[in-house]
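These notes are about the structure you will find just below.
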Amino acid sequence: MTVHRAQMALVTSARMPKPDVELPLLVGALADMGITAAVWTWQEPFEWGSVPLVVIRSPWDYVEHLPEFLEWAKSVDAVTRLLNPLEVVTWNARKDYLLDLERKGVPIVPTTIAHQYYGMKWPDLSVFALDEILVAKPIVGVGALGAKRGFRKDPEFLDHIKDLRETDDVLVQPYLPSVATDGEVSLLYFDGVFSHAVRKRPASGDFRVQEHHGGTVEDHTPTAQEMAVAEAALAAAPAPTLYARVDLVEHHGAPVVMELELIEPELFLRRSPAAAAVFAARLRAALG
């Protein structure tokens, strides 16, 4: 085991689909405050109890190893302080948390779960119209990986759902045309306090807003309605969060939650000059 003299560990992963450009910003902001942060992957040996604070940042491969990742998080929580907290990480790891938000009165994109099935049976999507465009995505996933758009009556689309269900449940949602016209709004929070917001737009003809799928990002000033929905979503989480990203889209003219990202979200620190310093200040306060 490796023991560091660092005051906190920032957790990443060994296999990265893209570089984490935010880690250097955060490490630098912490250094400006006299705080040394070790950047470490969750898979590598490390004496986690040797630091008073472990902050999950970019373990983006956890979706391929969820049971192992949750066991790691549990083991870290047993010896030091983990942020975001273990109960938040466990709750947020599977996208059926959206149904929990809905039960608590938070507006979400209409969501159906196609439960795992190891046979040839078609999933029951009778709640959707035959001519309605749908999006299917893994119930554990990041960056729209594995997401596919199609019709309920399309055999290729149904085959995609069946393939996904060989490993886990599948999230099925209606495709919202507003994604193409208005994109997706992300509101960023540190310690429950709003920091900044961005609007993410998909490339022409696509529905995925992520930059690695050709999407673009611009600054955004959230409306009062967007703020209210985002804060209702945060309040519905099982514990307070040190960092959070709430992704909203328009549905019938009102904002609804597409995702509540509480484990390893990109925080768009580059879009706000003060964001890295604010995040670092919240981390310094968490050290006590």
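No value in this document is a laboratory result; all are computed from the given coordinates. Quantities reported herein were computed from a predicted structural model and do not represent experimental measurements. Cβ: placed from backbone, ideal geometry, glycine included. Neighbour counts: every protein chain shown.
Below, the figures for the structure above:
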{"read-out": "Mean residue ellipticity (222 nm) of the chain, computed from DSSP H runs ≥ 4 via -39,500 (n - 2.57), nearest 500", "value": "-8000 deg cm²/dmol"}
{"read-out": "Cα-projected label distance for Lys153 with Glu47, points at 7 Å along beta-carbon direction, nm", "value": "6.6"}
{"read-out": "Rounded to whole Å, sorted largest first: equivalent-ellipsoid semi-axes of the stretch 134-288, Cα gyration tensor", "value": "29, 18, 14"}
{"read-out": "0 to 90° range, to nearest 10: angle between helix 66-77 axis and the chain longest Cα axis", "value": "30"}
{"read-out": "Modelled FRET efficiency - R0 25 Å, Glu218 with Leu130, Cβ distances, 0.05 increments", "value": "0.10"}
{"read-out": "Relative contact order, percent, the chain [alpha-carbon distance under 8 Å, six or more residues apart]", "value": "19"}
{"read-out": "Cα-based helix-to-principal-axis angle, 155-165 vs the chain, degrees rounded to 10", "value": "40"}
{"read-out": "Interatomic Cα distance distribution for the stretch 19-91, bins of 5 angstrom, percent", "value": "3, 14, 25, 25, 20, 9, 3, 0"}
{"read-out": "Inter-label distance, nm, simple model (7 Å from Cα along the C-beta direction), Ala285/Leu66", "value": "3.3"}
{"read-out": "Relative compactness, the chain, computed as alpha-carbon Rg over 2.2 N^0.38 Å", "value": "1.02"}
{"read-out": "Flagged links, alpha-carbon separation over 24 Å, of Lys74/Lys200; Lys18/Lys148; Lys104/Lys200; Lys74/Lys104; Lys104/Lys148; Lys18/Lys200", "value": "Lys74/Lys200; Lys104/Lys200; Lys74/Lys104; Lys104/Lys148"}
{"read-out": "Scaled radius of gyration (Cα, divided by 2.2 N^0.38 Å) that the stretch 112-174 gives", "value": "0.99"}
